[in-house]
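**Student:** Quick one: the structure is below, and I'll ask about it shortly.
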Amino acid sequence: MADVVIAAESPRQDAVIALVAALDRYLLDLYPADTCHLLDIAELEAPGVRFFVARKDGVPVGCAALRVDPTGYGEVKRMYVDPAARGHRIGDRLLARLEEQARTEGLSALLLESGIHQHEALALYRKAGFADRGPYACYKDNGVSVFMEKPLRETVR
């Protein structure tokens, strides 16, 4: 979709804040609050986070963040495409942009935590080469989380 532009932007913009709030409502309708690992706007502005916005005709229609972990991997956070803009591969493009950024920064892998009720998101991640794995970092197996990983570098044996 040629009229969609993805760029690194500040999350502190009214239209982007509204997009993040829509994602919060969506996730909190699907899962108990204590299983939702949401970065707020201030956390999305942290030095270790790269935040990207997809705009169609100048209007924010999607977002995604890459949290750079000090141990050398990247974590996919805040992936969301407005339901009215779905079906145009914006999610594919956002995920590819995060992977490009992770590779540029020399990260070893992309990891993510999603949920069992997000079938479209899980299909997107699997199509992009992510595979299921166990919990990582501070995450716990809670019965609703799905943990995935995509290596970005070949391991030497």
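The values are calculated or read from the model by the stated rules, or taken from the named source; none is laboratory data. Bear in mind that the values here come from a model prediction, so they are computed numbers and not experimental data. Glycine also receives a Cβ, built like all others from the backbone with ideal geometry; neighbour counts cover every protein chain displayed.
**Student:** Would you call Arg133 more than 14 Å from the chain's Cα centre (by Cα) and at pLDDT below 95?
**Tutor:** Criteria not met by Arg133.
**Student:** Would you check which residues across region 118-142 are of a type outside the set (Phe, Trp, Tyr) and surrounded by 14 or more Cβ atoms within 10 Å (Cβ to Cβ) and list them?
**Tutor:** Passing the criteria: Gln118, Ala121, Leu122, Leu124, Ala128, Gly129, Arg133.
**Student:** Hey, can you tell me all the residues within region 71-95 that are in a helix (DSSP H, G or I), surrounded by fewer than 20 Cβ atoms within 10 Å (Cβ to Cβ) and not basic (Lys, Arg)?
**Tutor:** Across region 71-95, the qualifying residues are Pro83, Ala84, Ala85, Asp92.
**Student:** Please count how many residues of region 38-47 are surrounded by 15 or more Cβ atoms within 10 Å (Cβ to Cβ) and at pLDDT below 95.
**Tutor:** The total comes to 1.
**Student:** Taking region 48-70 only, how many residues are crowded, with 21+ Cβ neighbours inside 10 Å and among the aliphatic types (A, V, I, L, M)?
**Tutor:** Number of matching residues: 6.
**Student:** Still on this model: If Ile17 satisfies every condition in (1) touching a helix residue (DSSP H, G or I) at 6+ places or on another chain (Cβ under 7 Å); (2) not in a helix (DSSP H, G or I) but one, which is the exception?
**Tutor:** (2)
A quick yes/no check of all residues on (1) of a type outside the set (Gly, Ala, Ser); (2) without any contact (Cβ under 8 Å) to a residue 40 or more places away in the chain:
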{"residue": "Ala21", "(1), (2)": "no, yes"}
{"residue": "Val53", "(1), (2)": "yes, no"}
{"residue": "Thr71", "(1), (2)": "yes, yes"}
{"residue": "Arg89", "(1), (2)": "yes, no"}
{"residue": "Ala102", "(1), (2)": "no, no"}
{"residue": "Glu113", "(1), (2)": "yes, no"}
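**Student:** Take the residues of region 129-153 that are touching a strand residue (DSSP E or B) at 6+ places or on another chain (Cβ under 7 Å) and of a type in the set (Gly, Ala, Ser): which is farthest from Asp82 (Cα to Cα)?
**Tutor:** Gly134
**Student:** So, one more: Select from region 20-34 the residues that are in a helix (DSSP H, G or I) and surrounded by fewer than 17 Cβ atoms within 10 Å (Cβ to Cβ) and list them in ascending order.
**Tutor:** Ala21, Ala22, Asp24, Arg25, Tyr26, Leu28, Asp29, Leu30, Ala33, Asp34
**Student:** For residues that are touching a Leu at 6+ places or on another chain (Cβ under 7 Å), among the small types (Gly, Ala, Ser) and in a strand (DSSP E or B), scanning just region 110-157, find the one that is nearest to Val49 (Cα to Cα).
**Tutor:** My answer is Ser114.
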